[in-house]
Amino acid sequence: MKIYGVTGWKNAGKTGLMERLVAEFCDRGLSVSTLKHAHHSTDVDQPGTDSHRHRSAGASEVLLASPNRVAIMQELRDAEEPSFVDLLSRLNPVDLVLVEGFKREPHPKIEAYRTDAGNPLIAPGDQSIRAVASDISLNLDRPVFDLDDTVAIADFIAGELGL
């Protein structure tokens, strides 16, 4: 599987760029999965559902299956968060895995940068960031794309990965 990331600080446009890239690569006929890191506590299950009741009762893992999707919820119960490599190994094979977040991992990335967010660029100190997608023109030692130019960003990623 080919892996490429989208990174940046909060409110930099990462999720919007990810969403557009997934759609673009799927339109190109590639199979795509995503891996998203959340720094805050998150729960895809809702109190009152049967699966939530199973987890609340102490289940380590709940597999929820329906005709439209399958979800596996695993409770860490004080165990360490799985490593990036371990998380990737849990995905079924696809042509491309797009990763949102995971700033400190060494996979190649595009940095999403929006001036209104008020954060510094990560790229100057991180060689795993191969390009920046920005809402302003920047003078960097690597390519800079318009944050909304999804096709050009996808072309760059495809070229980097030989897709």
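The values are calculated or read from the model by the stated rules, or taken from the named source; none is laboratory data. Note that the structure is a prediction, hence the values are computed from the model and not measured. Cβ: placed from backbone, ideal geometry, glycine included. Neighbour counts: every protein chain shown. All accessible areas refer to the heavy atoms of the entire protein, side chains included, with ligands and DNA or RNA removed. Shrake-Rupley method; radii C 1.70, N 1.55, O 1.52, S 1.80 Å.
Highest mean first, how do 90-100, 109-119 rank when packing is the count of other Cβ atoms within 10 Å averaged over residues?
Values: 90-100: 16.2, 109-119: 19.3.
Going from most to least packed, we get 109-119, 90-100.
Counting only protein chains, not ligands or nucleic acids, how are Met1, Met18 ordered by accessible area (probe 1.4 Å), most first?
Numbers: Met1 100, Met18 10 Å².
The residues order as Met1, Met18, largest area first.
When only DSSP loop residues count, what trypsin sites (Lys or Arg not before Pro) in the stretch 1-43 have their Cβ near at most 11 other Cβ atoms within 10 Å?
Values: sites: Lys2, Lys10, Lys14, Arg20, Arg28, Lys36; in loops: Lys10, Arg28.
Listed in order of number, the matching sites are Lys10.
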Note, ³J(HN,Hα) from phi for the stretch 93-101, Karplus 6.51, -1.76, 1.60, rounded to Hz, x at Gly and Pro: x, 9, 5, 8, 10, 9, 10, 9, x
Degrees separating the helix 14-27 axis from the principal Cα axis of the chain, which is the longest one: 90
Expected 222 nm ellipticity per residue - DSSP helices of 4 or more, -39500 (n - 2.57), all of the chain, to 500: -7000 deg cm²/dmol
Helix axis angle, 150-161 relative to the chain longest principal axis, alpha carbon, degrees: 80
Calculated Rg and Dmax of the stretch 51-163 using C-alpha coordinates, Å: 18.7, 55
Other-chain or far-sequence residues with amide H under 5 Å of Val99's (modelled H): Tyr4, Gly5, Val6, Leu35
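Using a Förster distance of 41 angstrom, determine the FRET efficiency expected from the C-beta separation of Ser51 and Ala152, and round it to 0.05. Mind dumping the intermediate values first?
On the way: r = 42 Å, r/R0 = 1.01.
Given R0 = 41 Å and the Cβ-Cβ separation, E is 0.50.
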Residue-level accessible surface for Asp43, protein heavy atoms, 1.4 Å, Å²: 70
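Quick one: compute the contact order of the stretch 1-96, relative version, from alpha carbon pairs under 8 angstrom and 6+ residues apart, as a percent.
Numbers: 60 pairs, mean separation 32.4, N = 96.
Relative contact order, the stretch 1-96: 34 percent.
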Distant-in-sequence amide H partners of Ala133 (H built 1.01 Å from N, under 5 Å): Glu111, Ala112, Tyr113, Phe145
